[in-house]
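Asks: Sending over a structure as C-alpha cells; questions will come in a sec.
Each value in this text was obtained by applying a stated rule to the coordinates, not by laboratory testing. Quantities reported herein were computed from a predicted structural model and do not represent experimental measurements. We place every Cβ from the backbone using ideal geometry, glycine too, and count neighbours over all the protein chains shown.
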Amino acid sequence: MIDVEAVAGGVTGDVTEAEVDVVVVGAGPCGLAAAIAATRAGLRVVVFDRGSIVAGIAGYPTYMTFFSTAERLSIGGVPFLVATDKPTRRDALAYYRGVASHFGLDVRQWEGVEALEPVAPATGHRARWLVRTRTRVGAAHRTFAGAVVVATGYFGRPNRLGVPGESLPHVRHGYVDGHAAWQQAVVIVGGGNSAVDAALEMHRAGGQVTIVHFADALDPNIKPWVRPEIEARLREGSIRGVFGARVRAIELTAVVVEGPAGEQRIPADQVYTMTGYLPETGLLEAAGVPIDPVTGVPAHDPLTMATPLPGLYLAGVIASGFQANRIFIENGRDHGDLIVAHLRRS
Ligand SMILES: Cc1cc2nc3c(=O)[nH]c(=O)nc-3n(C[C@H](O)[C@H](O)[C@H](O)COP(=O)(O)OP(=O)(O)OC[C@H]3O[C@@H](n4cnc5c(N)ncnc54)[C@H](O)[C@@H]3O)c2cc1C
C-alpha cells in the first residue's frame, strides 16, 4: 500500500497527480459504457487507454461487419443508426467516437495503466486506489480514485500456438484485408468466425487458401449467413480444409502439421493464426485479485461486477476468462450500470 501523505501536493518531481471518483482502465465499448454510467451518476471519471479509443475495434479487419445489430452495440442510450442490416467496423468507430464526445468523457488516449495500488485507509485519504499511468512519450502520472473499473478486454494478448517459427515475419495474428493474399499460398490456422472471414476474403482476393484446424469441423458458432459459402468452397476444394490437425512448426515456406494423414508440409507464403485471444488480467493479478486457473475468470460478483478488493470492479470481456465469447459488447455494455448501483449502495 502507498502512503498518500508522502506523495500529496499536485506534482512530485516530474510525476503529475490528480484525484477523481472513478478511473476506468480501457476505452473499449464496455469501458466507455461504464464511464457514461458513472458520469450520469454525477461522478468525476477519467478513462485511460494505452491505445486509441475503441482500439480493439480499430484493429478489426478493415471491411468487417458486426454480427450484432447496431441497436445491440449502442451504449449510453444513444441511438446507433445505420442504413444497412448490420453495422461495419467504420460505422462503429464513428459511433463510439461520437458517443464519447457527446458525454464529454475525459478519455486519455495513449496513456497505459501500469499499476493499481490500494491506498492505506490509515492515511485518512478518501481515495481507495492509486492508478499509475504512463503516456507514450514516457510521462508518468498518478491518479487517485475512489473506485477503479478494469475494462482491459483481450485484444492485446493473442492465444499463441507455442510452436517453433511462430515469430517469423510472414506469420501474423489477425488480418487486415485480403489484398496481400493475391497469388500467394496462405495458411490460416483456426476454425472460428475470424478464420472463416479471413479465408473467404483472401480466397476472393486470389489467394490459394488452406484452413488448418485442430477440431474435425469448423466451429459450430460460425455466422449462419457465412456458413453456406465456406462449406461450398471447402466442398469444391477452392479453399482447402485440413481438419483434426495440429500445427507442429512454421517454416519460411511451409507449415508443418500433424493430423489423421500423418505429418505434412503445407506450402505457405503467408500464415495467419486466427486462434483468438486471452483476457488481459495482468493488472488485476498484480493488484491481488485471484484468477481462476481453470476458467481464467477473475474473482468477482456478477451481480455487481465487484472484485473481492474494495473499490475494484470489472467491466466487459475481461470478466469472461478464457471463454471470450461468453461476454461481448451486447452483454458487457450493461456492467457499468451494475457497478454504479453498487457504488451508490456502498
Ligand atoms: C472480428 C470481431 C467481430 C466482433 N463482432 C462482435 C459483434 O458483432 N457483437 C459483439 O457484441 N461483439 C463482437 N466482437 C467482440 C467485441 O469486440 C468485444 O467483446 C469487445 O470489444 C469487448 O469490449 P471491452 O470494452 O470489454 O474490451 P476491448 O474492446 O478489448 O477494449 C479494451 C481496451 O483496454 C485497453 N487496455 C488494455 N490494457 C490496458 C492498460 N494496461 N492500460 C490502458 N488501456 C488498456 C485496450 O487498448 C482496449 O482499447 C467481435 C470481435 C471481433 C474480433
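Asks: Under a no-solvent Debye model with one identical scatterer per Cα of the stretch 217-282, what's log10 I(q)/I(0) at q = 0.29 Å⁻¹?
Replies: Each listed q maps to, in turn, -1.26.
Asks: Please identify the longest segment of the chain free of exposed chymotrypsin sites (Phe, Trp or Tyr not before Pro), where exposed means a DSSP state other than H, G, I, E or B and no more than 13 other Cβ atoms within 10 Å.
Replies: That gives 226-346 as the longest site-free run.
Asks: Additional query: Taking θ = phi - 60°, what integer Hz values does the Karplus form 6.51 cos²θ - 1.76 cosθ + 1.60 yield along the stretch 275-288, in sequence order, with x for Gly and Pro?
Replies: Once rounded to whole Hz, the list reads 10, x, 9, 10, x, 8, 9, x, 4, 5, 4, 5, 6, x.
Asks: So, one more: Counting residues in the stretch 271-342 as N, plug N into 2.2 N^0.38 Å and put the Cα Rg over that result. Each step should come with its number before you reach the end.
Replies: Values: Rg = 12.7 Å, N = 72, 2.2 N^0.38 = 11.2 Å.
Rounded to two decimals, the normalised Rg is 1.14.
Asks: Here's another thing I want to ask about it. Using Cα springs under 10 Å in a Gaussian network model of the chain, which residue among L303, L200, L130 shows the largest mean-square fluctuation?
Replies: Among L303, L200, L130, the largest mean-square fluctuation in the Gaussian network model of the chain belongs to L303.
Asks: Assign unit charges at the C-beta atoms only (+1 for Lys and Arg, -1 for Asp and Glu), then state the dipole size of the stretch 200-318 relative to its Cα centre in Debye, rounded to the nearest 20.
Replies: Working: 9 positive and 14 negative charges, 76 e Å.
Taking the Cα centre of the stretch 200-318 as origin, the dipole is about 360 debye.
Asks: List the residues of the stretch 187-220 whose backbone N lies under 18 Å from a point placed 7 Å from the Cα of Y63 along the Cα-to-Cβ direction.
Replies: Within reach of a label on Y63, which here means backbone N under 18 Å from a point 7 Å along Cα→Cβ, the stretch 187-220 contributes 194-209.
Asks: Under a Cβ-only charge scheme (Lys and Arg +1, Asp and Glu -1), can you give me the dipole magnitude of the stretch 137-256 about the Cα centre, in debye to the nearest 20?
Replies: Numbers: 12 positive and 10 negative charges, 58 e Å.
Here the stretch 137-256 has a charge dipole of around 280 debye.
Asks: When the C-alpha atoms of the stretch 54-122 are aligned to their principal axes, what extent does each axis show, in angstrom, from largest down?
Replies: 56, 26, 18
Asks: Run the helix sum for the chain: -39,500 (n - 2.57) per DSSP H stretch of 4+ residues, divided by residue count, reported at 222 nm to the nearest 500 deg cm²/dmol.
Replies: Computed mean residue ellipticity for the chain: -6500 deg cm²/dmol.
Asks: May I pose another question? Using +1 at the C-beta of Lys and Arg and -1 at the C-beta of Asp and Glu, which of P260, Q109, V131 has the Cα lying farthest in the positive direction of the dipole of the chain?
Replies: Of the listed residues, the answer is Q109.
Asks: Please identify, among G276, G42, G146, the residue showing maximal mean-square fluctuation in a Gaussian network model of the chain using a 10 angstrom Cα cutoff.
Replies: Between G276, G42, G146, it is G42 that shows the largest mean-square fluctuation.
Asks: Excluding the sites themselves, what is the longest stretch of the chain that contains no trypsin sites (Lys or Arg not before Pro) in a DSSP loop with at most 16 other C-beta atoms within 10 Å? Display every interim value, and only then the final one.
Replies: Details: sites that count: R44, R126, R136, R160.
My reading of the result: 161-346 is the longest stretch.
Asks: Still on this model: Sort the stretch 66-185 into rounded, prolate or oblate with this rule: let a ≥ b ≥ c be the square roots of the eigenvalues of the Cα gyration tensor; rounded if a/c is under 1.5, and if a/c is not under 1.5, prolate when a/b is larger than b/c, oblate otherwise.
Replies: Taking the square roots of the gyration eigenvalues as a ≥ b ≥ c, the stretch 66-185 is oblate.
Asks: To the nearest 20 debye, what is the magnitude of the charge dipole of the chain about its Cα centre, counting +1 on the Cβ of each Lys and Arg and -1 on the Cβ of each Asp and Glu?
Replies: Here the size comes out at about 360 debye.
Asks: Starting from the Kirkwood radius over alpha-carbon pairs of the chain, derive D by Stokes-Einstein at 20 °C in a medium of 1.002 mPa s and give it in µm² s⁻¹.
Replies: It comes out at roughly 99 µm²/s.
Asks: Sticking with this one: What is the diffusion coefficient of the stretch 143-296 in µm²/s, taking the Kirkwood radius over Cα pairs and the Stokes-Einstein relation at 20 °C with a viscosity of 1.002 mPa s? Kindly include the intermediate steps, with their values, before the conclusion.
Replies: Values: Rh = 16.9 Å.
Rounded, D is 127 µm²/s.
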